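Report on the structure given below.
The values are calculated or read from the model by the stated rules, or taken from the named source; none is laboratory data. Since the model is a prediction, treat every value here as computed from it, not as a measurement. With ideal geometry, Cβ positions are generated from the backbone for all residues, glycine too; neighbour counts draw on all protein chains shown. Heavy atoms of the whole protein, side chains included, go into the accessibility calculation; ligands, DNA and RNA do not. Shrake-Rupley method; radii C 1.70, N 1.55, O 1.52, S 1.80 Å.
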Amino acid sequence: MSKITSSTLLKFKQEGKKFTSLTAYDASFAGAFDSEGIDVLLVGDSMGMVLQGHDDTLPVTIDDIAYHTRCVRRGIKRALLIADMPFMSYATPEQAMTNATTLMQAGANMVKVEGGHWLLDTVTKLTERGIPVCAHLGLTPQSVHVFGGFKVQGRDADNAQRILNEAKALEAAGAQLLVVECIPVALAKTITEALTIPVIGIGAGADTDGQILVMHDVLGISSGYIPRFSKNYLAQTGEIRSAIRAYIEEVDKGIFPSSEHTFS
Ligand code: KIV
């Protein structure tokens, strides 16, 4: 069994093979997801909502992410492990380097940052110093208060063009992966085709190279509410490992996400 690396994901993209990602926050779930074949695990700052019970991701700290990254690292053998840089932990390139170092030393293979043009210098500096970066565009939850709520992004032509330009610039700056969240299907397709690096979608349609979901949504235990773009696979299968296998299979076959999970 060979480990998933950024080169593996690049090869998947080149071969047109879809890959699957999930959030994970502890060793046991991470181990189960990993052994069922999830390719990428993200210690997401979504933990602020699904673990800590906050209304958004802003209260999550670098210590929180580092602790859960150490837990997840102990559970996995194959998957690529990405750790989220929490709100204001990368406001300057210097902060980003200090905090990303903490997450890499906790066991991450890559760090994820939310934002566009303002991050280019940070992405380059991190990459040059040996820290691979996953960028995140579209509905970036750390900016929820700027957006005025959890809203689909890139619906008008100007914003769609800006997001596409930012995606290209982040790739040129050194980002090795890109997450696009809650953007129209057509925009996600354009970005995926325009970039060489793999693009992972959530609420972005079936044309991205990979998909990511929050594990609590897949298992139907997100405080009574499952976002439109997600799917409760536990309800469909009745067993956690079967739910994960169903998610992997549906992504692989292009069944998930379908039009009911996407935005036009
Ligand atoms: O924090 C998180 O879980 C995320 C995913 C939803 C992409 O950023």
From Glu166, Glu171, Glu193, Glu181, which residue is of a type outside the set (Lys, Arg), within 12 Å of the ligand (Cβ to nearest atom) and surrounded by fewer than 23 Cβ atoms within 10 Å (Cβ to Cβ)? Glu181
Can you tell me which residue is most open to solvent (accessible area, probe 1.4 Å) among those in region 30-62 that are within 9 Å of the ligand (Cβ to nearest atom) and under 13 Å from Leu80 (Cα atoms)? Leu42
Test: Val199 is more than 20 Å from Leu58 (Cα to Cα) and either of a type outside the set (Gly, Ala, Ser) or within 16 Å of the ligand (Cβ to nearest atom) (or both): yes
Take the residues in region 208-234 that are part of a loop (DSSP other than H, G, I, E, B), of a type in the set (Gly, Ala, Ser) and within 14 Å of the ligand (Cβ to nearest atom), then tell me which one is farthest from Asp45 (Cα to Cα). Ser230
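Within region 3-23, take every residue that is within 16 Å of the ligand (Cβ to nearest atom), not in a helix (DSSP H, G or I) and not aromatic (Phe, Trp, Tyr) and give me the one that is nearest to Asp207 (Cα to Cα). Spell out how you get there, then give the answer.
Kept after step one, since they are within 16 Å of the ligand (Cβ to nearest atom), are these residues of region 3-23: 9, 19-23.
Next, from what is left, pick out any that are not in a helix (DSSP H, G or I): 19-23.
Pick out the ones that are also not aromatic (Phe, Trp, Tyr) and you get 20-23.
Working: Thr20: 13, Ser21: 15, Leu22: 18, Thr23: 20 Å.
Filtering first and then ranking leaves Thr20.
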Residues that are within 19 Å of Ser35 (Cβ to Cβ) and crowded, with 22+ Cβ neighbours inside 10 Å, drawn from region 77-108: Ala79, Leu80, Leu81, Ile82
Exactly one of (1) within 16 Å of the ligand (Cβ to nearest atom); (2) open to solvent by 20 Å² or more (accessible area, probe 1.4 Å) is unmet by Gly130. Its number? (1)
